[in-house]
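The structure appears below as structure tokens.
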Amino acid sequence: MISPESLARQVQSAGFSCTRCGRCCQCHDEGSALVMVFPSEIRAIIAVTGLSWEEVAEPYPETIRNASGGRYTLGWCLKRNGGACRFLEDSRCTVYDSRPWICRTYPFMLDGDEIVISECDGLHQPTGEEEARRIAGDLICRREAEEAEAALIRAVLAKNTVPAGSFAVIDSDGMKVIDG
Ligand code: SF4
Ligand code: SF4
């Protein structure tokens, strides 16, 4: 298991300072700006915006068909609007304090113990030790949250079958039949 100190050193060596260009919140191709969100993150955004669940999130677009003829997807992503995340306004995140883990940790993510770095205008900039430690801490919290969500989803999947002809979202809350 990678230590927070070692992770912080890798972040500092990559160097990062967000320029607020907003590029990571915009769609550049079909799969971009797909920000996966947990139910708890959707509820946090609902709490600060007053929007409904459907106004905040939509089913993740990749679907799976089961042996019974039902179709499902494993979670949600933030709603997109006009080629960008719906919460991006004038290159500014309007839910900044409640933004999901993916946004908090971009352009970094952990794949096991390996740090993966996405394309970003803010790379190769000086990063202070404190900021590198914060990012490392967030990356470890994000991985824990993702592992917990995945375990709950597996448990829901083991107990539920999407009925034939229906479409459902399976998330840590349970099975939500959207259609059918
Ligand atoms: S994280 Fe990177 S791509 Fe996203 S707004 Fe900041 S500099 Fe731009
Ligand atoms: S929630 Fe904010 S930071 Fe995340 S993609 Fe949307 S506008 Fe960007």
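Rule-based calculations on the coordinates, nothing more; no lab input. Just so we're clear, the structure is a prediction, and the values are computed from it rather than from any experiment. Cβ coordinates were reconstructed from backbone atoms using ideal geometry, including for glycine residues, and neighbour counts include every protein chain displayed.
Going by C-beta contacts inside 10 Å, put M1, M175 in order with the fewest on the left.
Lowest count first: M1, M175.
When 1/r is averaged over all different Cα pairs and the result inverted, which Kirkwood radius in Å belongs to region 95-146?
11.7
If you average 1/r over every pair of different alpha-carbon atoms in region 15-101 and take one over that average, what Kirkwood value in Å do you get?
This gives a value of 14.1 Å.
To the nearest 500 deg cm²/dmol, what mean residue ellipticity at 222 nm is calculated for the chain from DSSP H runs of n ≥ 4 alone, each contributing -39,500 (n - 2.57), summed and divided by the residues?
Per the formula, -11000 deg cm²/dmol.
Using the Kirkwood formula on the Cα atoms of the chain, what hydrodynamic radius do you get, in angstrom to one decimal?
17.6
Over what distance in Å are the Cα centres of region 151-180 and region 60-102 separated?
Value for the Cα centre distance between the two parts: 17 Å.
To check you understand DSSP bridge types, tell me what percent of the beta bridges within the chain (both residues inside) are antiparallel, rounded to 5.
Antiparallel bridges: around 90 percent, rounded to the nearest 5.
What order do you get for K79, K159 when you list them from fewest to most C-beta neighbours inside 10 Å?
Fewest-to-most ranking of K79, K159: K159, K79.
What's the exposure ranking of L34, L88, going from fewest to most Cβ atoms within 10 Å?
Going from least to most buried by this count: L34, L88.
Given the options V169, V95, V35, which has the most mean-square fluctuation in a GNM of the chain, springs set between C-alpha atoms less than 10 angstrom apart?
The residue that fluctuates most here is V95.
Take the alpha-carbon centre of region 1-47, take the same for region 117-149, and report the distance between them in whole Å.
7
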